[in-house]
Each structure stands twice: as structure tokens, then as C-alpha cells.
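Notes for the one structure printed next.
The values are calculated or read from the model by the stated rules, or taken from the named source; none is laboratory data. Since this is a predicted model, take the numbers as computed values, not measurements. Here Cβ is always computed from backbone atoms with ideal geometry, including for glycine, and neighbour counts include all displayed protein chains. Accessible surface is based on the protein model in full, side chains and every heavy atom, while ligands, DNA and RNA are left aside. Shrake-Rupley method; radii C 1.70, N 1.55, O 1.52, S 1.80 Å.
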Amino acid sequence: MAGYQDYLLHLADNALILAQRNAEWCGHGPILEEDLALGNNALDLIGQARMLYQHVATVRKDGKSSEDLLAFFRDVPDFKNYTLLELPHRTAILPTSAGDRDYGVTMARNFLFSALMVQVWGALEKSSDAQLAAIAAKSHKEVQYHLRHAHDWVLRLGDGTEESHRRMQAAFDYLMPFTQEFWTESAMETAAVKTGAGVDVRAFRAEWEATVADTLQAATLKLPSSVGFVTTGKFGVHSEHLGFVLAEMQSLARAHPEAVW
Amino acid sequence: MTATTALKDWPLWEVFVRSKQGLEHKHCGSLHASDAQHALQMARDVYTRRQEGVSIWVVPSKAITASAPEDKDAMFEPAADKIYRHPTFYDIPEEVGHM
């Protein structure tokens, strides 16, 4: 059963960490409308994470697990999100001031992840776990919009000015190798598929690759190769970036445990 | 792209939101966007975050012909003394309800 709980945490952590990253644009969006769009996106993802953490807490029946405990009192090796989702909004190891955030990276990442999650949530609507199926039904609608939003920006920026094209291409060149992690086998996913409650993401690989290839072609971008080191975030072995994300996200809850509004 | 170039390069759109099936679309604001689909998406993110709507229209602002403020007197003043155009001199039966 731990395998299946880990699978739920994997889904929840993916949503929470990407939400935290997207929320970094709050107040810093390139234009007001995009500021709100990213805030909406982050709040959808936080909603998904909350439902999944609550579900894990209920399944555990240990009387002490809660969504807050799972989100704010676990450390880097406990998080099972894809490494892709914890990366800063830039294409290389550069100085990290807020002004260095590249909206192209944000959009490329949201596109790559949403294109996968549209498939995953769609399939999970038929999960044998009724609670997960209900969460999937809600999340599926949200992520369809996230995909549309990111997809349109990939087109606009890829097929935009010389500068926007260059930066969009750099974003995909940088991020694509991280998507290899989607397709690596893990015990938690295997366990979840076995129970009938989870889905095998590798079944969606062909369709995901087709979506990415079609979109990049329409955006006049070259499809970068996804080779090289395969990241291991979902196994709890993360990049150096996750620690900073968690420090910012968890510090308040840790300074004031059990604080309420 | 900075906000100022975006505002300069992107045309202005007027946004109309229908709050419920059967009601009319109401003007709720305007925004800058590069094309109609873009404007629609931005309108969704800006104007329907609190479940304000079930349908959105966007219209290029330049497609709207507006009356000039200085024509206000000539256009609207003549209607001011024609109160007989308001059907307030009739007793409306209760069962008719709101008119």
C-alpha cells in the first residue's frame, strides 16, 4: 500500500511544486493578464495538491497525517515530483535575481507538463479508486486550460520576433532532456498500475511526443533531442533547486506550526 | 517584452461577459491582446475568476463607433422632458410582474 500512497504523493508533489514555481510570477508577470493567468494556474494546481494530500491522509488512517503535514513538514528526499518542475525559470545556471526569470521557460515547462497531465488525468477518471477518479475529473478540466494557455504562448513566442524565437528554442533545448524522467519505471507507479488505481504514463508517450512535435513545428521551433542524464526527482533524488523552493514555501508553516487564519 | 511595448503593439479589445444562460452579455472592461483568441483567453483569466460568466465575447475596440461626449446635449437632452414615454401612468396588474 505504501507504493500506492507514494504514487498519490508523486501526483500531489508535481502539482504543488509547479504551483509554487508558477506563483513566483505573482506580481511580476510580463503583463497584468498573464500575472493573473499564472496565479489562476498556480491556484488550480494547489487545489489539486490539496485534494491529493487529503486523500493520502485519509488512506493512511494514522490519525496524524494532514495536508499541511504532507506539504510543509516533509523534506527534499521525501518529495516525489519530477525534477523538471522544480527548476528555476531560466535556461542555465545564471544569477538568480527575479529579473532573470524567462517567461519562455515558464511556458515551455507548463506546456510539456500539461501535455502529459491532460492524458494522465483523462485516464485516471476511470481509476478504480473512486476518490482519485473524482479528483481526476476536476483536474482534467483545469489542465486542459493550462495546456491551451501554454500551447498558445509557445506558438506566439516561437513564431514571434527573432528574440522571442531564440529564447523559446533555448527553453525547449534546455528542458527537453528533463522529460526523459516521465518514462522511467518506478516501483510506486508499477504498484499503482497493478492495483488498477493508477495509470502507466508510458502508454501516453507516443501521443505526448506527437503533441510536442506538432506544436514545435507550428511554432517554427526545432524539436530538440531528449538525451543525456535522466533526472530522478520522482525517486526523491533532486536537483539543488528544490531545497530553496521548499525553504521558501515551508518556512512560515514551520515557524508557526498549527497556525490558523 | 516589457508591458509598455505590449500595450503599444497589441490592439485593444472590449470584453462582454454573460453571467447566466438567458441573460445578455454585459460590457465589463477592456484589455490589450495580440489577436481575438488571445483576447478571449485573457478575458477568461481576468474577468471570470469568480465565476462571473458562462460566455465571453471580445470585440476590437476600434470596431465600436461611439457617440461623442460633446454631442451629449443634442443627442440626449431632447428626451428629458418627454416623461410620457415612460409607461408610469398605467396600473399594471399584479400578475404581469416586473416589466
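Can B:Arg50 be described as within 14 Å of chain A (Cβ to nearest Cβ), open to solvent by 80 Å² or more (accessible area, probe 1.4 Å) and closer than 23 Å to A:Cys26 by Cα?
Judged against the criteria, B:Arg50 is a match.
Looking only at segment A:22-43, filter to residues that are touching a Ser or Thr at 6+ places or on another chain (Cβ under 8 Å) and in a helix (DSSP H, G or I); which one of those is farthest from A:Thr232 (Cα to Cα)?
A:Leu38
Answer yes or no: is there a residue in segment B:20-29 that is within 12 Å of chain A (Cβ to nearest Cβ) and within 23 Å of the chain's Cα centre (by Cα).
Yes.
Identify, please: which residue in segment B:1-47 is of a type in the set (Lys, Arg) and at pLDDT 90 or above and is, among those, most open to solvent (accessible area, probe 1.4 Å)?
We begin by selecting, within segment B:1-47, every residue of a type in the set (Lys, Arg); these are B:8, B:18, B:20, B:26, B:44.
Imposing the further condition that a residue be at pLDDT 90 or above reduces the set to B:18, B:26, B:44.
Numbers: B:Arg18: 63, B:Lys26: 126, B:Arg44: 74 Å².
By that ranking, first place goes to B:Lys26.
Can you tell me which residue within segment A:137-151, out of those that are crowded, with 23+ Cβ neighbours inside 10 Å and more than 12 Å from chain B (Cβ to nearest Cβ), is farthest from A:Gln48 (Cα to Cα)?
Taking the candidates together, the pick is A:Val143.
Would you confirm, using the coordinates I've provided, whether A:Leu85 is open to solvent by 30 Å² or more (accessible area, probe 1.4 Å) and either assigned to a helix (DSSP H, G or I) or more than 21 Å from A:Cys26 (Cβ to Cβ) (or both)? I'd like the intermediate steps shown before the answer.
Details: open to solvent by 30 Å² or more (accessible area, probe 1.4 Å): no; either assigned to a helix (DSSP H, G or I) or more than 21 Å from A:Cys26 (Cβ to Cβ) (or both): yes.
Here the answer is no, as A:Leu85 does not meet what is asked.
Just give me the residues in segment A:221-261 being open to solvent by less than 70 Å² (accessible area, probe 1.4 Å), in contact (Cβ under 8 Å) with a residue 40 or more places away in the chain and over 20 Å from A:Thr179 (Cβ atoms), in sequence order.
Passing the criteria: A:Gly243, A:Leu246, A:Met249, A:Gln250, A:Ala253.
Scanning for something on the phi > 0 side of the Ramachandran plot and part of a loop (DSSP other than H, G, I, E, B), does segment A:235-244 turn up at least one residue?
yes
Looking at (1) loosely packed, with under 14 Cβ neighbours inside 10 Å; (2) part of a loop (DSSP other than H, G, I, E, B), find the lone condition where A:Ala206 falls short.
In the conditions (1) loosely packed, with under 14 Cβ neighbours inside 10 Å; (2) part of a loop (DSSP other than H, G, I, E, B), A:Ala206 misses (2) alone.
Restricting attention to segment A:1-55, report how many residues are within 14 Å of chain B (Cβ to nearest Cβ), of a type in the set (Gly, Ala, Ser), out of contact with any Cys (no Cβ under 8 Å at 6 or more places or on another chain) and open to solvent by 10 Å² or more (accessible area, probe 1.4 Å).
Looking only at that region, the number is 3.
What single numbered condition from (1) of a type in the set (A, V, I, L, M); (2) assigned to a loop (DSSP other than H, G, I, E, B); (3) over 29 Å from A:Thr58 (Cα atoms) fails to hold for A:Leu157?
(2)
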